[in-house]
Amino acid sequence: GENVEQHPSTLSVQEGDSAVIKCTYSDSASNYFPWYKQELGKRPQLIIDIRSNVGEKKDQRIAVTLNKTAKHFSLHITETQPEDSAVYFCAASRNTPLVFGKGTRLSVIA
Amino acid sequence: SAVISQKPSRDICQRGTSLTIQCQVDSQVTMMFWYRQQPGQSLTLIATANQGSEATYESGFVIDKFPISRPNLTFSTLTVSNMSPEDSSIYLCSVAGDSEETQYFGPGTRLLVL
């Protein structure tokens, strides 16, 4: 079955700097790669996703890139703000359901 | 996206008892899922709740411990049976969106077993 590895497990950045979180997946047939943000005590919220027919997708300060050959995808957050502090999860799937990475705790220091 | 609610939002239970968690969606959805999130951990799929048929369980989860019902396209329940402290966790339901691969989560049920 699918296996998703996520790095780093924790990440601290200064406000205004960029943050990058990387994930690798094992199943070359996986074709859907979402990212979720989970604030303390809240539900995971879908923030951006990408499908295997696209190499990059942007939404304001966040972007996701996908390298199908290397089987890895990354989340990029630019101009980080304190409200970006949360745990971020990547996931991968071929059809359903999703397989999640272990998460990255992002701290944005003001 | 669909509006998803869960009941109860939290509970404290005694070991050996059972708790049934409800998940309600404001629109009909084909696929519903139940996840467990242990403290500080990632999301682990328990099972896929299929309307009109038995749930499909992931490795390590069995029907006797986590019976699931899916009586219609807007509702599902997960029961945590014969609880032990190791069952203390957050239990989340999720539903597939218009493109079935996209998933949205309910607010979760925080369970503490003493």
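Consider B:K65 against the criteria (1) at pLDDT below 95; (2) more than 25 Å from B:V3 (Cβ to Cβ): it satisfies all of them except one. Which criterion is unmet?
Going through (1) at pLDDT below 95; (2) more than 25 Å from B:V3 (Cβ to Cβ) one by one, B:K65 breaks only (1).
Which one of these is surrounded by 12 or more Cβ atoms within 10 Å (Cβ to Cβ), of a type in the set (K, R) and not in a strand (DSSP E or B): B:R70, B:R15?
B:R15
Please give the number of the condition B:Y57 fails out of (1) more than 9 Å from every other protein chain (Cβ to nearest Cβ); (2) buried (at least 17 other Cβ atoms within 10 Å of the Cβ); (3) touching a residue at least 12 places away in the same chain (Cβ under 8 Å).
Answer for B:Y57: the failing condition is (3).
For every residue, the table says whether it meets (1) more than 17 Å from A:R43 (Cα to Cα); (2) of a type in the set (S, T, N, Q); (3) at pLDDT 95 or above.
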{"position": "B:A2", "(1), (2), (3)": "no, no, no"}
{"position": "B:S5", "(1), (2), (3)": "no, yes, yes"}
{"position": "B:R36", "(1), (2), (3)": "no, no, yes"}
{"position": "B:N50", "(1), (2), (3)": "yes, yes, no"}
{"position": "B:N72", "(1), (2), (3)": "yes, yes, no"}
{"position": "B:F75", "(1), (2), (3)": "yes, no, yes"}
{"position": "B:S94", "(1), (2), (3)": "no, yes, yes"}
{"position": "B:T102", "(1), (2), (3)": "no, yes, no"}
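Going through A:T104, A:T96, A:T78 one at a time, which residue ends up being out of contact with any strand residue (DSSP E or B) (no Cβ under 7 Å at 6 or more places or on another chain) and either under 22 Å from B:R36 (Cα atoms) or polar (S, T, N, Q) (or both)?
Checking each option against the conditions leaves just A:T78.
Determine the pairs where a residue that is within 7 Å of chain A (Cβ to nearest Cβ) and touching a residue at least 12 places away in the same chain (Cβ under 8 Å), located within region B:76-105, has a partner that is buried (at least 20 other Cβ atoms within 10 Å of the Cβ) and among the aromatic types (F, W, Y) with Cβ atoms under 7 Å apart, the partner being 6 or more residues away or on another chain.
Short answer, once both residue conditions are applied: B:L92/B:Y35; B:L92/B:F105; B:Q103/B:F33.
Please count how many residues of region A:43-69 are closer than 22 Å to A:P82 by Cα and small (G, A, S).
Matching residues across region A:43-69 total 1.
Please count how many residues of region B:60-75 are of a type in the set (F, W, Y) and either touching a residue at least 40 places away in the same chain (Cβ under 8 Å) or out of contact with any Leu (no Cβ under 9 Å at 6 or more places or on another chain) (or both).
1
Looking at region B:25-53, which of its residues are more than 9 Å from chain A (Cβ to nearest Cβ), surrounded by fewer than 16 Cβ atoms within 10 Å (Cβ to Cβ) and among the polar types (S, T, N, Q)?
B:S27, B:Q28, B:T30, B:Q38, B:N50, B:S53, listed by residue number.
Please report, ordered by residue number, the strands (runs of 3 or more DSSP E) entirely within region A:43-110 with at least 1 residues that are within 11 Å of chain B (Cβ to nearest Cβ) and either more than 25 Å from A:D17 (Cα to Cα) or modelled with pLDDT of 95 or more (or both). First the steps, then the outcome.
On the way: elements: A:45-51, A:56-59, A:62-67, A:72-77, A:86-92, A:104-109.
Ranges flagged: A:45-51, A:86-92, A:104-109.
The values are calculated or read from the model by the stated rules, or taken from the named source; none is laboratory data. Keep in mind that what you see is a predicted model, and the values were worked out from it rather than measured. Glycine gets a Cβ as well: all are built from the backbone with ideal geometry, and neighbour counts include every protein chain shown.
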